[in-house]
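K.L.:
Here's a structure for you.
Readers should treat all values here as calculations from the given coordinates under stated rules, not as data from a laboratory. Since the model is a prediction, treat every value here as computed from it, not as a measurement. Cβ sites come from the backbone with ideal geometry, for glycine too, and all protein chains shown count toward neighbours.
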Amino acid sequence: MGQTHNVSSLFGPPRSWPEDDLIAVSHDFDADLVLRAYTEGVFPMPLAELMGWFSPVARGILPLDGLRVTRSLRKMVHRYRVTMDVAFDAVLARCADPARPGAWIDNGIAEVYGQLHRVGVAHSVEAWSETGELAGGLYGISLGGLFAGESMFHDPLIGRDASKVALVTLVTFLRSAGCGDDPKTQLLDVQWRTPHLSTLGVVEVGRPDYLRRLARALRLPPPPWVQLRDT
């Protein structure tokens, strides 16, 4: 399952990485390693007793000028109150719900990303119902002009399209955040393109292309997240 590296020394040159989404595994896992990994185009996901480090050969990204908002989704935007960084722990917990198909967020991931939120690197977007219940949301890592989306959820009973509304709000925020005159230099990473994400405009780029885009994005200033609290 890929090759084992000492992650503390990073991952070596990308040309040495295997032609596989999983490029390394480790026993070590902490917030510093996670941040260094993102700057290398790598993200963590648990694998049994080990931590897997992934850099997909075909990376899913959402161009900020390519988001597809259907007429029905546009109507749903007005159904929810959307905030940022108001309920990070709750969003992460809902994304980690073991009852969800494909659940992968374990206690170690939750602890480390909670730490990253408290130091202002991990952020959440929340969509609230008219009665004040958390209906959906997403969270991810923000570094310079990169937002690396980690997971999203919606409540099946009260949250129709709530996660999509959170994504629409995130894209609008990033586009208006002043992180560069050309939105193409910003990077909204969604890891893999799924059929669901494809309907929203997510496309695939090869690993070398992604790493070039990442290098440009990391040189940009970060968006002003603090201004979006309690909106």
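K.L.:
Could you work out Rg/(2.2 N^0.38 Å) for segment 87-231, with Rg from alpha carbons only?
P.N.:
Working: Rg = 15.1 Å, N = 145, 2.2 N^0.38 = 14.6 Å.
Dividing the Cα Rg of segment 87-231 by 2.2 N^0.38 Å gives 1.03.
K.L.:
Separate question: Hey, any idea what Rg/Rh is for segment 22-87, computing Rh the Kirkwood way over Cα pairs?
P.N.:
On the way: Rg = 17.5 Å, Rh = 15.2 Å.
Result for segment 22-87 is an Rg/Rh of 1.15.
K.L.:
Still on this structure, please answer the following. Based on the alpha carbon coordinates of segment 1-153, what radius of gyration and maximum Cα-Cα distance (Dmax) apply, in Å?
P.N.:
16.9, 53
K.L.:
Let me ask something additional. Per residue of segment 31-45, in order, report the coupling 6.51 cos²θ - 1.76 cosθ + 1.60 (Karplus, θ = phi - 60°) as ³J(HN,Hα) in whole Hz, putting x for Gly and Pro.
P.N.:
Values per residue, Gly and Pro as x: 5, 5, 5, 4, 4, 5, 5, 4, 5, 9, x, 10, 9, x, 8 Hz.
K.L.:
Between Glu49 and Asp65, how many nm apart are label points set 7 Å from Cα along the C-beta direction?
P.N.:
Using points 7 Å along Cα→Cβ, the separation is 5.1 nm.
K.L.:
Could you list which residues have their amide H under 5 Å from that of Ala135, counting only those 5 or more apart in sequence or on another chain, with H placed in the peptide plane?
P.N.:
Ala127, Trp128, Ser129
K.L.:
Within segment 121-165, list the residues whose amide N lies under 18 Å from a label point set 7 Å along Cα→Cβ of Thr172.
P.N.:
124-130, 135-139, 160-165
K.L.:
What does the helix-only formula give at 222 nm for the chain: each DSSP H stretch with n ≥ 4 adding -39500 (n - 2.57), the total divided by the residues, and the result rounded to the nearest 500 deg cm²/dmol? Before the final figure, lay out each step's value.
P.N.:
Numbers: 7 runs with 67 residues, N = 231.
One gets -8500 deg cm²/dmol as the mean residue ellipticity at 222 nm.
K.L.:
Work out the FRET efficiency for Ala103 and Glu19 from their Cβ-Cβ distance, taking R0 = 22 Å, and round it to the nearest 0.05.
P.N.:
Numbers: r = 28 Å, r/R0 = 1.27.
With a Förster radius of 22 Å, E is 0.20.
K.L.:
Mind listing the phi-derived Karplus ³J(HN,Hα) values for segment 190-200, rounded to whole Hz, using 6.51, -1.76 and 1.60 with θ = phi - 60°, and x for any glycine or proline?
P.N.:
Once rounded to whole Hz, the list reads 10, 6, 10, 7, 10, x, 5, 5, 4, 5, 9.
K.L.:
What angle do you read, to the nearest 10 degrees and between 0 and 90, between the alpha-carbon axis of helix 162-176 and the longest principal axis of the chain?
P.N.:
That helix lies at roughly 80 degrees to the long axis.
K.L.:
Compute the acute angle (0 to 90°) between the alpha-carbon long axis of helix 207-218 and the principal axis of greatest extent of the alpha-carbon atoms of the chain; round to the nearest 10°.
P.N.:
60
K.L.:
Going toward the positive end of the dipole of the chain, with +1 on Lys and Arg Cβ and -1 on Asp and Glu Cβ, which of Trp192, Gly114, Ala93 do you reach last?
P.N.:
Looking along the dipole axis, the top candidate is Trp192.
K.L.:
Find out how many positive minus negative residues lie around Asp21, taking Lys and Arg as positive, Asp and Glu as negative, among other residues whose Cβ is under 15 Å from that of Asp21.
P.N.:
Working: positive: Arg59, Arg193, Arg207; negative: Glu19, Asp20, Glu40, Asp189, Glu204.
So the environment of Asp21 carries a net charge of -2.
K.L.:
Next question, about the same structure. Run the simple label-point estimate for Arg36 and Arg79 please: 7 Å along Cα→C-beta, distance reported in nm.
P.N.:
4.5
K.L.:
Would you work out the relative contact order for the chain, in percent, from Cα pairs under 8 angstrom that are 6 or more residues apart?
P.N.:
Rounded, it is 24 percent for the chain.
K.L.:
Further question: Can you compute the modelled spin-label distance between Arg219 and Thr131, with each label point 7 Å from Cα toward Cβ, in nm?
P.N.:
Those two pseudo-labels are separated by 5.2 nm.
K.L.:
Taking H placed 1.01 Å from N in the peptide plane, check which residues at least 5 places from Phe54 or on another chain put their amide H under 5 Å from its amide H.
P.N.:
Result for Phe54 returns Ile23, Phe43, Met45.
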